[in-house]
Amino acid sequence: MRYATLPLAAIFAVGFSTAFVSPQADARDYDEIRLGVDIPYEPFMYREADGTLTGFEIELGNAVCDYLEASCTWVEQDWDGIIPGLLARNYDAIMSSMAITDERAQRVLFSEAYYTTPSAWITTQERDIDIEDRASLEGLTVGVQRATLQDNYVTELYGDILEIRRYTGVDDVVTDLMAGRLDLTFMDYPIAEAAIEIDTPESDFQRISDFIKQPEHIFGKGVGVAFRPRDEALAERFNEALSALKEDGTYDEIMNRYFNYDVRL
């Protein structure tokens, strides 16, 4: 059974009109909070058959809003425009698997980190690719989601060897990998588990690397909620809520519905 929260409505356009919150407003005035999110990114955020938004971060965000006694809405935004959308006041916070990096911290204010997950190299079962043998990778084609940490990692460390194809969403990466238009992909591992059923005897795909969380200057210090720099009071409210949900077991209850390993920070 899903954790009971105040109802949240999915909004399908960034420009959808919502109650305006003054930049000078104290966090106590945030009775209505708009949360920016990039859909789909299963198992963190995705849409069920009936159109309802769900996933680890959707449920956790709902629980945060319940704790804060706030009415919240989810505002959908493509990933490559998600920080500009926050700064343009299209929503009040980003809760969409955003890793805390020094580069991003120059533009937004982060909450304390609340989870971390590994990334991995993946290809189809019939391919024999040794990711440790850099010379053998020459000319291969890798697919990544545009403007993600995985994109940054591949570009910095393999951009001189691999042909990189960037996609708006994970589904498009998976489609081209399955169709043979890509040789391999570098993905957030929980996303891979949800999208292509990895690391099982029946799977058509295989993980060809260890779990990767380094270097820190690329992968950051974990995932945080992002706010406009001046919204320190709202960030503190989220920190308080996330801490309370960890203490009372709500966080673990939600986490265990989506992962068979610990992502908690």
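The values are calculated or read from the model by the stated rules, or taken from the named source; none is laboratory data. Here the structure is a predicted model, which is why all the values come from computation and not from measurement. In this analysis, Cβ positions are derived from the backbone assuming ideal geometry, glycine residues included, and neighbour counts consider all displayed protein chains. Heads up: the accessible areas ignore ligands, DNA and RNA and are worked out on the full protein's heavy atoms, side chains in. Shrake-Rupley method; radii C 1.70, N 1.55, O 1.52, S 1.80 Å.
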Response to the item:
Log entry, pairs with first residue in region 46-68 being under 14 Å from S97 (Cβ atoms), second being open to solvent by 20 Å² or more (accessible area, probe 1.4 Å) and in a helix (DSSP H, G or I), beta carbons closer than 7 Å, six or more apart or on different chains, reads F56/Y258
Worksheet entry | Within region 216-237, tally of residues that are out of contact with any helix residue (DSSP H, G or I) (no Cβ under 6 Å at 6 or more places or on another chain), open to solvent by less than 10 Å² (accessible area, probe 1.4 Å) and part of a helix (DSSP H, G or I) | 1
Discussion item. Out of W79, W121, I need the residue that is over 17 Å from the mean Cα position of the chain (by Cα) and either surrounded by fewer than 21 Cβ atoms within 10 Å (Cβ to Cβ) or closer than 21 Å to N152 by Cβ (or both). Which one?
Written reply: W121
Discussion item. Would you confirm, using the coordinates I've provided, whether T250 is touching a residue at least 40 places away in the same chain (Cβ under 8 Å), of a type in the set (S, T, N, Q), open to solvent by less than 20 Å² (accessible area, probe 1.4 Å) and touching a strand residue (DSSP E or B) at 6+ places or on another chain (Cβ under 7 Å)?
Written reply: no
Worksheet item: Quick one: what pairs do we get from region 127-143, first residue touching a residue at least 40 places away in the same chain (Cβ under 8 Å), second part of a helix (DSSP H, G or I) and among the aliphatic types (A, V, I, L, M), C-beta under 9 Å, 6+ apart or different chains?
Response: I129/L137; D130/L137; I131/L137; V142/V154; G143/V173; G143/V174; G143/L177
Worksheet item: Hey, among I191, I129, which residue is assigned to a loop (DSSP other than H, G, I, E, B) and surrounded by 16 or more Cβ atoms within 10 Å (Cβ to Cβ)?
Response: I129
